[in-house]
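Scroll down for the structure; my scribbles are underneath it.
The values are calculated or read from the model by the stated rules, or taken from the named source; none is laboratory data. None of the values given here were measured: they were computed from a predicted structure. Reconstructed Cβ throughout: ideal geometry from the backbone, glycine too, with neighbour counts over all protein chains shown.
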Amino acid sequence: MAVRGACRRQACALRLRRHLHFAGVSVAEPSRTLNAYTKRTQQLIAAWERCNFIPTMPIINLADIQQITKTQQSLLFPSQKSHPNRSEYNTIVANNFQLVMKQLFLRLPVEPLLNAYPQIAQWVVQMQELAPEIFQSRKKLLVDNPVIAPLTINNENHFIQVLTNIAFKQGIPRLYEWAVRHPDLSWQDRVKLWTTARQYSVEPNQIQLVILALHPVQPAQRLDVRWNKKDHRQTEKWLIKLLSQSQENKPQSNLVNHELSSKIDLEDIAEVKI
């Protein structure tokens, strides 16, 4: 079973690399449309992410936790400020910004999106000024990297899964989170820090989170956060308490099995004519 799964993933990766040859085509060609370009890239990125091996036990992600009421979320952090999501001001721009950042670190062309959205181009410049270290060619940054950690809830084994951006320094992970947001530590940030510490088996006080908070008008801000054992234990207790109250409404959509990767056929993704 393990050998068969590994072979599927290798075949999937080979097909994906073959499809990625389009990245070398000049973006200045007039026949390429922005919509086709964006759709094609999103298809390839999504297919690659689904090729990753995921355990068969129940997966709980941030979207599942988000569904729990704000009253329950405040059980752990009653003093934490609640801010409206700034990305709601223009969801299309915010989503395309995340797409641009992912394509940058995948070394895919981004000029069509930068030309279409001057706001995104400005944010990229601000990012380069605030965190120049992640744009250095010698530094490897894993973008939207899946991180999974086990958690026992009511004597049942579950997995907490998050997507985060990780760089490593001497084997120690450092997280980078960028978005149109406030520069405050959110519960999502705490869960990502807890999950990363568990997966990579490092002491909480060794991990650092860099928040790059963007704003439509005001200058972007950088906040460096040091994790610690107290916050680590507190977050784990919060997760157990919060999720144990919602066991009767388990999201069936997140019960992942080994058959998922076998259903992906990159050959079925239509090519975009360039």
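Every residue, every condition in (1) assigned to a strand (DSSP E or B); (2) among the aromatic types (Phe, Trp, Tyr); (3) at positive phi; (4) at pLDDT 95 or above, yes or no:
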site: GLU177; (1), (2), (3), (4): yes, no, no, yes
site: THR195; (1), (2), (3), (4): no, no, no, yes
site: ASN205; (1), (2), (3), (4): no, no, no, yes
site: ILE211; (1), (2), (3), (4): yes, no, no, yes
site: GLN218; (1), (2), (3), (4): no, no, no, no
site: ASP224; (1), (2), (3), (4): yes, no, no, yes
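Can you run down the residue pairs with Cβ atoms below 6 Å, 6 or more apart or on separate chains, where the first is in the range 200-221 and over 14 Å from HIS182 (Cα atoms) and the partner is among the β-branched types (Val, Ile, Thr) and at pLDDT 95 or above?
LEU209/VAL225
Being polar (S, T, N, Q), touching a helix residue (DSSP H, G or I) at 6+ places or on another chain (Cβ under 6 Å) and at negative phi is the filter here, so list the residues in the range 149-175 that pass it.
Correct list: THR164 only.
Yes or no: ARG181 crowded, with 19+ Cβ neighbours inside 10 Å, of a type in the set (D, E, K, R) and in contact (Cβ under 8 Å) with a residue 60 or more places away in the chain?
When the stated conditions are applied, ARG181 passes them.
So which residues in the range 179-193 are acidic (Asp, Glu) and either in contact with a Ser or Thr (Cβ under 8 Å, 6 or more places away or on another chain) or at pLDDT 95 or above (or both), if there are any at all?
Selection gives ASP189 alone.
Tell me which residues, restricted to the range 111-126, are in contact (Cβ under 8 Å) with a residue 40 or more places away in the chain, among the hydrophobic types (A, V, I, L, M, F, W, C) and either surrounded by fewer than 19 Cβ atoms within 10 Å (Cβ to Cβ) or not assigned by TED's automatic domain parsing to the domain that holds VAL93 (or both).
ALA116
Test LEU242 against the criterion of being among the hydrophobic types (A, V, I, L, M, F, W, C) and modelled with pLDDT of 95 or more, and give yes or no.
No.
Against the conditions (1) under 19 Å from GLN126 (Cβ atoms); (2) within 17 Å of the chain's Cα centre (by Cα); (3) small (Gly, Ala, Ser), where does SER186 fall short? Just the number, please.
(1)
Just a yes or no: is a residue in the range 127-143 closer than 15 Å to ASN61 by Cβ and buried (at least 19 other Cβ atoms within 10 Å of the Cβ)?
no
I want to confirm something. Restricting to the range 226-239 and keeping residues that are touching a strand residue (DSSP E or B) at 6+ places or on another chain (Cβ under 9 Å) and surrounded by 14 or more Cβ atoms within 10 Å (Cβ to Cβ), which single residue is modelled with the lowest pLDDT?
Among those that are touching a strand residue (DSSP E or B) at 6+ places or on another chain (Cβ under 9 Å) and surrounded by 14 or more Cβ atoms within 10 Å (Cβ to Cβ), it is LEU239.
Going through LEU142, LEU113 one at a time, which residue ends up being hydrophobic (A, V, I, L, M, F, W, C), modelled with pLDDT under 95 and in a helix (DSSP H, G or I)?
LEU113
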